[in-house]
Amino acid sequence: MKLSYGKIPVDLLRAVVFKNLGIERPEVVLGPSAGIDGAVIEVGNRSLIVSMDPITGALERIGWLAVNVNANDIATFGVEPAFLLSCILLPEGADQTIIETICPQMNEAAKELGMAIVGGHCEVTPGLTNPIIVGCAVGITEKGNYVTASGAKPGDKLVLTKSAGIEGTAILASDKEKELKKATSANTLMSAKKLFNQVSVVKDAITAFKTGGVDAMHDPTEGGVAGGIYEMAEASNLGVEIFEEKIPVRPETAEICRYFKIDPLQLVSSGTLLIAVKPKNADKVMENLRKARIQATVVGEFLEEPQNRTLVAKNGKPRALPEPASDQLWLALTKR
């Protein structure tokens with residue numbers, strides 16, 4: 001089977017990847033699982049939250065994104081990210097200017113988040129045409145003081161912060177700027193590129209978790225908001241009903257997606273946070289997010305039956321929530 005760009009199918013993860021994980025260790029209380037953003041390792045009276053993510057489809061702010069995207073995965077547990085290791089793979093013919101670009105970006109992002117970059121690796125790799133950064137982030141919390149993406153409960157309200165397709169919009173506006181200049185205004189492109197500044201969900205996640213009543217959180221990266229919601233429902237073994245008209249899509253995202261003929265709900269969405277919250281706590285979580293100047297919207301609800309995963313379109317017609325597939329970003333980046 002030839003694989004598409006992006007994440008490999010969940011069935012292949014379960015059939016191959018998850019069956020080849022070395023030995024079992026008692027410290028590992030949460031290991032690899034579909035839809036889960038990281039692992040949990042218990043050391044004494046502390047829980048270590050560990051996650052890893054690559055940045056492969058961005059060029060202009062790749063170092064800054066590498067830190068923020070990995071930090072986001074830790075924050076979805078309700079834990080502040082503390083440490084980062086990175087593996088920087090550079091394309092053939094790279095010179096030192098690329099290092100002088102990437103490393104200050106990583107330094108700036110890490111300082112903003114209160115993180116220490118504690119190690120990693122950097123090399124020029126044969127066969128690469130663009131740089132790749134793989135990050136591994138770590139957070140520390142009191143034993144058991146966290147949530148996972150698998151903790152949603154029937155009846156939980158699904159809260160979405162900010163809007164769909166944040167990261168993908170910013171990447172396309174930067175990496176496809178020359179092409180987009182022919183079809184969109186300079187103001188649209190400038191506004192779209194500024195969305196890089198919204199990619200962090202650390203503040204979103206910590207604010208929601210500290211409010212209370214949060215059962216699960218998830219950071220919808222590849223596969224976008226629709227894919228992230230599906231992953232959350234799958235991880236929690238629940239159904240879900242969401243309403244397309246309630247999912248915010250910024251004008252610049254909508255315009256760029258129309259140009260490339262892609263779906264904003266399936267466009268990589270780092271910067272958006274999905275929160276499953278108990279109904280009685282939903283208003284307070286929304287209130288505190290808004291006090292923190294974070295846009296928040298209730299877009300649906302988790303249901304008892306796992307087979308009932310529905311997206312209600314703007315015309316009122318329900319359809320099956322799409323399973324995560326190759327991210328729409330790849331469709332746009334590979335179009336000629």
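The values are calculated or read from the model by the stated rules, or taken from the named source; none is laboratory data. Source: prediction; values computed, not measured. Reconstructed Cβ throughout: ideal geometry from the backbone, glycine too, with neighbour counts over all protein chains shown.
Report yes if some residue within segment 161-179 is within 30 Å of Ala276 (Cα to Cα), of a type in the set (Val, Ile, Thr) and surrounded by fewer than 16 Cβ atoms within 10 Å (Cβ to Cβ); otherwise report no. No: zero hits.
For segment 266-281, the criterion of being in the same structural domain as Lys194 (by TED's automatic domain parsing), over 24 Å from Val69 (Cβ atoms), touching a strand residue (DSSP E or B) at 6+ places or on another chain (Cβ under 7 Å) and in contact (Cβ under 8 Å) with a residue 24 or more places away in the chain is met by at least one residue. Taking Val285, is it assigned by TED's automatic domain parsing to the domain that holds Thr207 and either at positive phi or surrounded by fewer than 21 Cβ atoms within 10 Å (Cβ to Cβ) (or both)? So Val285 fails the test.
Among the residues that make up segment 135-144, is at least one of them closer than 21 Å to Gly224 by Cα and among the basic types (Lys, Arg)? For segment 135-144, residues closer than 21 Å to Gly224 by Cα and among the basic types (Lys, Arg): absent.
Residue check: is Pro104 over 24 Å from Lys194 (Cβ atoms), assigned by TED's automatic domain parsing to the domain that holds Asn130 and free of Cβ contacts under 8 Å to residues at least 60 places away in the same chain? Taking the combined requirement at face value, the residue does not satisfy it. Yes or no: Val268 crowded, with 21+ Cβ neighbours inside 10 Å and either within 17 Å of the chain's Cα centre (by Cα) or outside any strand (DSSP E or B) (or both)? Judged against the criteria, Val268 is a match.
Condition (residue is farther than 24 Å from Val268 by Cα and in contact with a Ser or Thr (Cβ under 9 Å, 6 or more places away or on another chain)) applied to segment 104-119: is it met by at least one residue? Taking every residue of segment 104-119 in turn, at least one turns out to be farther than 24 Å from Val268 by Cα and in contact with a Ser or Thr (Cβ under 9 Å, 6 or more places away or on another chain).
Table: residues versus (1) in the same structural domain as Lys280 (by TED's automatic domain parsing); (2) in contact (Cβ under 8 Å) with a residue 60 or more places away in the chain; (3) charged (D, E, K, R).
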| site | (1), (2), (3) |
| --- | --- |
| Gly168 | yes, yes, no |
| Lys176 | yes, yes, yes |
| Asn187 | yes, no, no |
| Val199 | yes, yes, no |
| Ala216 | yes, yes, no |
| Ala226 | yes, yes, no |
| Gly239 | yes, yes, no |
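Among residues of segment 6-29 that are closer than 25 Å to Ser47 by Cα and outside the structural domain of Leu267 (by TED's automatic domain parsing), those with a Cβ under 9 angstrom from a residue that is among the β-branched types (Val, Ile, Thr) and surrounded by 11 or more Cβ atoms within 10 Å (Cβ to Cβ), sequence gap 6+ or separate chain, pair up as Val17/Ile8; Arg25/Ile41; Glu27/Ile41; Val28/Val40; Val28/Ile41; Val29/Val40; Val29/Ile41. Contact map, segment 70-85: first residue among the aromatic types (Phe, Trp, Tyr), second residue surrounded by 24 or more Cβ atoms within 10 Å (Cβ to Cβ), Cβ cut-off under 6 Å, separation 6 or more or different chains; pairs are Phe77/Ile49.
Every residue, every condition in (1) of a type in the set (Lys, Arg); (2) within 18 Å of Gly223 (Cα to Cα); (3) at pLDDT below 95, yes or no:
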| residue | (1), (2), (3) |
| --- | --- |
| Ile256 | no, yes, no |
| Asp263 | no, yes, yes |
| Val268 | no, yes, yes |
| Asn281 | no, no, no |
| Arg290 | yes, no, no |
| Glu304 | no, no, no |
| Asn315 | no, no, yes |
| Leu333 | no, yes, yes |
| Arg336 | yes, no, yes |
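Which helices (runs of 4 or more DSSP H) sit wholly inside segment 1-114 and have at least 3 residues that are surrounded by 18 or more Cβ atoms within 10 Å (Cβ to Cβ)?
Working: elements: 10-15, 62-75, 96-113.
Of the helices (runs of 4 or more DSSP H) lying wholly inside segment 1-114, those with at least 3 residues that are surrounded by 18 or more Cβ atoms within 10 Å (Cβ to Cβ) span 62-75, 96-113.
When segment 242-257 is filtered for residues that are in contact with a helix residue (DSSP H, G or I) (Cβ under 9 Å, 6 or more places away or on another chain) and in a strand (DSSP E or B), only Ile242 remains.
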